[in-house]
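Trainee: Just passing along the structure, written as structure tokens.
Nothing in this text is a laboratory measurement; each read-out follows from the coordinates by a stated rule. Treat the numbers as computed from the prediction; the structure is a model and nothing was measured. Don't worry about glycine lacking a Cβ; one is built from the backbone with ideal geometry, like all the others, and counts go over all protein chains shown.
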Amino acid sequence: MEEGVVNEILQGPLRDVFDSKQLITDISGSGNNWAVGHKVFGSLYQEKILEKLRKSAEHCDCLQCFFIIHSMGGGTGSGLGTFLLKVLKDEFPEVYRFVTSIYPSGEDDVITSPYNSILAMKELNEHADCVLPIDNQSLFDIISKIDLMMNSGKLGAAIKPKSLVTSSTGVFKKRQEKPFDAMNNIVANLLLNLTSSARFEGSLNMDLNEIIMNLVPFPQLHYLVSSLTPLYTLADVNIPPRRLDQMFSDAFSKDHQLIRADPKHSLYLACALMVRGNVQISDLRRNIERLKPSLQFVSWNQEGWKTSLCSVPPVGHSHSLLALANNTCVKPTFIDLRERFIRLYKKKAHLHHYLQIEGMEESCFTEAVSSLSALIQEYNQLDATKSMPVEDLPRLNIAM
Amino acid sequence: MSIVTVQLGQCGNQIGFEVFDALFNDSHCPGGLCSKRENEAYQASCKERFFSEEENGVPVARAVLVDMERKVISQTLSKAARSGRWKYGQHSCFCQKQGSGNNWAYGYSVHGPRHKESIMNLIQKEVEKCDSLSGFFIIMSMAGGTGSGLGAFVTQNLQDQYSSALKMNHIIWPYGTGEVIVQNYNSILTLSHLYRSSDALLVHENDAVHKICAKLMNIKQISFCDINQVLAHQLGSVFQPTYSREGSFHYRRNPLGDLMENLVPHPEFKMLGVRNIPQMSENSLAYSTFTWAGLLKHLRQMLISNAKMEEGIDWQVRPPLSGLPPLGKMSVNKETHFNTSIANLVILRGKDVHSADVGHHRALKRVLCAVRMFSPVICQCQSPKFILLKKGKIKTLVLVAKRNPCTSM
């Protein structure tokens, strides 16, 4: 809802990729206010947005899903973004909605981000098919780790140039590196790997609708923890099988995750492994057998793995792995968010900015926080069954 | 008589390509063991079953390729065309763009009815090209969305439309530790529908074939291509021509009919399995020798101890001395589970096949023979460990046995 960022894209090297008629901008922005984004700009631009969406959809032979990329802490991304979710659900009910959300981390630059995030979470709970939460702190940690490796001199010289997950390889025009570019590159790689099996050939393909089908056991529990390897490639091209195995182990280590969480000590509901490059089914199976004992799976899905093999590796790497897990370890993130919200809400701080907007009432806030609490409760219930078999749902008994 | 193959989904199409490739290579490989006339008769018989002739002489596979997304079909078509020796018909494929999302219901209830006309038309065109139709061979997986759901739907329609043609479904049992999380749902739904509409279900388990690749073929990095090639080898051993009673130059005409007649005595028992011996990499073959007696003994033991390959057979399992034990009495040794079969069919291929004596093996009853050797598939292997002493004769023995219903699940 402000022109600066969009204009920059239009003047940058990718200006030909975006259709200039498919842009909507306003002047003043949303002021980090979810209510302004959702209620004010929502109603103002609804028709325009719908029209442009329909135009894009008409160009497609077969529309499979929408990708929504936004932050949770701001005003436009969080407010207008979640408003869009509802619109998409009504207008294109059969098309899946994938949401990549950047969650606010501990040191955040927006003070009202807890309010914005909780209000947005309610919409995500209800209208999104699948959410990939990411937080800035993890991205920053990954970058620091890479910088450390590059500068420590130990492996620095051995790293293949342009193989970092943060470097924009393949960019045909050099442009000035901006501070968030490296972090954004990681998220871009995530989305690339997610769609790679749908775009390229492979011996075991996986479409986007298969991700939702396999990883979302119940409609409420659609939050997936993602982790990406490798972060860099060593210059030595021969990849012995040990290196491949190392890649799999890395995918399950905390350092490679895009959100701060601890999946190894929580309960897995489902897990998907998307491998790119010259990796074969035997390598995949060997590693699954190897890693399975250290992971706890939910009782009704002890072998809950979805795998896919794509033959085309990413630029600069010989192979890569993306692991998506539906795991109860997202619970602490939500609990943390709720804590920060309650701290602000108890004092009713900054609340008047929201209540000023027509259509916003205190009940919006209480509903939002109760929706989040219900979600946390569901995860709690699953965690409680960690080591015990779950009771079967009651079935009709036929009288003998 | 001809067989029309329907390949469904990614799995079906990938396997189908390997099967046709194996069949073609076998019938056209320079056969040193038989006369020229024999060779030609064999080639003609194989060709009639699986390939049709086109103007420029390149054989066209009698197949219909169906998938809900483009990539696999275009890859399969181009691989076949690249070989230059045979190809798929240009217009015998049907694909969509959206995929089935591993959802059986999508394949069965959405894609099936929506595209029924087009798919059945394609099959009809293939059927019209045949002089006489033996039946359909439908290749599908059970874990995915297209193969399982659409496969069940197509089989049902084939039963309605071609009620006098035989249908054999080749189903791939998924890996135990998951390739797809909802594979159990998809498999059960598929099996229940196929049981009603199919005539025979030939089952191949991914786990078993994977073990064969690892232990017998000695492949270090097993890919789906390797697995499919082993599968194709086994299927080829079953489907290639066998002698008829008249003599060496006459081949039996109705492959599916033979299989069904011998193996499906009752419509309730239709799940079949294949055991193939010997199964090894090309390099090891040159250093091995075989006799019919040895092969038959191994095969019989594989059958009664329920082993899927010739390594690791449990030789302790023996048939009970006086027939089956009476009900209510537990056998002394609980571990030796003697695998009983409902029906068996042994197919022998190789030199001196008429000298093979199957008579004294009670378990192996019905026998079909052929002299033409079925060449093993080329695959990666390690260097041989021992030096041959005399030149070996290559033999292949195939046993298609009915699974005992209790042990098949």
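Trainee: Taking the beta-carbon count within 10 Å as an exposure proxy, list B:223, A:311, A:197 from fewest neighbours to most.
Mentor: Ranked by crowding around the Cβ, least crowded first: A:311, B:223, A:197.
Trainee: Dipole magnitude of chain A about its Cα centre, charges +1 at Lys/Arg Cβ and -1 at Asp/Glu Cβ only, in debye to the nearest 20?
Mentor: 960
Trainee: Something else about it: Taking the highest mean first, how do the peptides B:286-292, A:314-320 order by number of other beta carbon atoms within 10 angstrom per residue?
Mentor: The most tightly packed comes first, giving A:314-320, B:286-292.
Trainee: Once label points are set 7 Å from the Cα along Cα→Cβ at both residue A:67 and residue B:1, what is their separation, rounded to one decimal in nm?
Mentor: 5.3
Trainee: If you place +1 on the Cβ of every Lys and Arg and -1 on the Cβ of every Asp and Glu, how big does the dipole about the Cα centre of segment A:323-388 come out, in debye to the nearest 20?
Mentor: Here the size comes out at about 340 debye.
Trainee: Answer with one residue from A:30, A:313, A:375: the one whose Cα lies farthest towards the positive end of the charge dipole of chain A, charges on Cβ with Lys, Arg +1 and Asp, Glu -1.
Mentor: The listed residue farthest towards the positive side: A:313.
Trainee: Take every residue in peptide A:278-286, count the Cβ atoms of other chains within 10 Å of its Cβ, and give the average of those counts.
Mentor: 6
Trainee: Follow-up. Just want the ordering: A:62, B:46, B:29, B:213, from fewest to most Cβ atoms lying within 10 Å of their own Cβ.
Mentor: Taking fewest neighbouring Cβ atoms as first place, the list is A:62, B:29, B:46, B:213.
Trainee: Report the number of Lys pairs in segment B:1-89 whose alpha-carbons are under 21 Å apart, with separation of 8 or more residues or on distinct chains. Intermediate results must be reported in sequence, preceding the final value.
Mentor: On the way: B:36/B:47; B:47/B:79; B:47/B:87; B:71/B:79; B:71/B:87; B:79/B:87.
Lysine pairs meeting both conditions in segment B:1-89 amount to 6.
Trainee: Sort A:343-349, A:221-227 for me by packing, meaning the mean count of neighbouring Cβ atoms within 10 Å per residue, highest on top.
Mentor: Order by mean packing, descending: A:221-227, A:343-349.
Trainee: Can you tell me the relative contact order of chain A? Whole percent, Cα pairs under 8 Å, sequence separation 6 or more. Working shown, then result.
Mentor: Working: 620 pairs, mean separation 66.8, N = 400.
With pairs under 8 Å counted, the relative contact order is 17 percent.
Trainee: Something else about it: Just checking the output field for A:58-64: average partner chain Cβ neighbours within 10 Å of each residue's Cβ?
Mentor: 2
Trainee: I would also like to ask the following. Can you pull the mean other chain C-beta count within 10 Å for peptide A:204-215?
Mentor: Per-residue shielding by partner chains comes out at 6.
Trainee: Can you tell me the FRET efficiency between residue B:128 and residue B:82 if r is taken as the Cβ-Cβ distance and R0 is 30 Å, rounded to the nearest 0.05? Don't skip to the end; give the middle numbers.
Mentor: Values: r = 28 Å, r/R0 = 0.94.
Once the sixth-power term is evaluated, E becomes 0.60.
Trainee: Just rank A:34, B:173, B:104, fewest to most, by other beta-carbon atoms within 10 angstrom.
Mentor: Ranking A:34, B:173, B:104 by Cβ neighbours within 10 Å, fewest first, gives B:173, B:104, A:34.
Trainee: What nm distance separates the two modelled labels at residue B:114 and residue A:201, each placed 7 Å from Cα along Cα→Cβ?
Mentor: Distance between the two pseudo-spin positions: 2.5 nm.
Trainee: Can I ask one more? Taking a threshold of 28 Å on the Cα-Cα distance, which of the pairs A:254/A:346; A:331/B:97; A:264/B:308; A:39/A:254; A:306/B:97; A:306/A:331 fall above it?
Mentor: With Cα atoms farther than 28 Å apart: A:254/A:346; A:331/B:97; A:264/B:308; A:39/A:254.
Trainee: Along the Cα→Cβ direction, 7 angstrom out, place labels at residue B:315 and residue A:385. What is the inter-label distance in nm?
Mentor: 4.9
Trainee: Also, quick follow-up: Going by average Cβ neighbours within 10 Å, how do the peptides A:71-79, A:353-361, A:257-265 rank, with the highest at the top?
Mentor: A:71-79, A:257-265, A:353-361
Trainee: Compute, for segment A:277-333, the length of the dipole vector about the Cα centre, with Cβ point charges of +1 (Lys, Arg) and -1 (Asp, Glu) only. Units Debye, rounded to 20.
Mentor: It works out to roughly 100 debye.
Trainee: Given 0.36 nm per residue, what is the gain on full extension from residue A:378 to residue A:10 after removing their alpha carbon distance, in nm?
Mentor: 128.1 nm
Trainee: Take the Cβ-Cβ distance between residue A:366 and residue A:91 as r, set R0 to 25 Å, and report the resulting FRET efficiency rounded to the nearest 0.05.
Mentor: 0.30
Trainee: Given R₀ = 25 Å, what would the calculated FRET efficiency be for residue A:17 paired with residue A:150, taking r from the Cβ atoms and rounding to 0.05?
Mentor: Efficiency for this residue pair is about 0.25.
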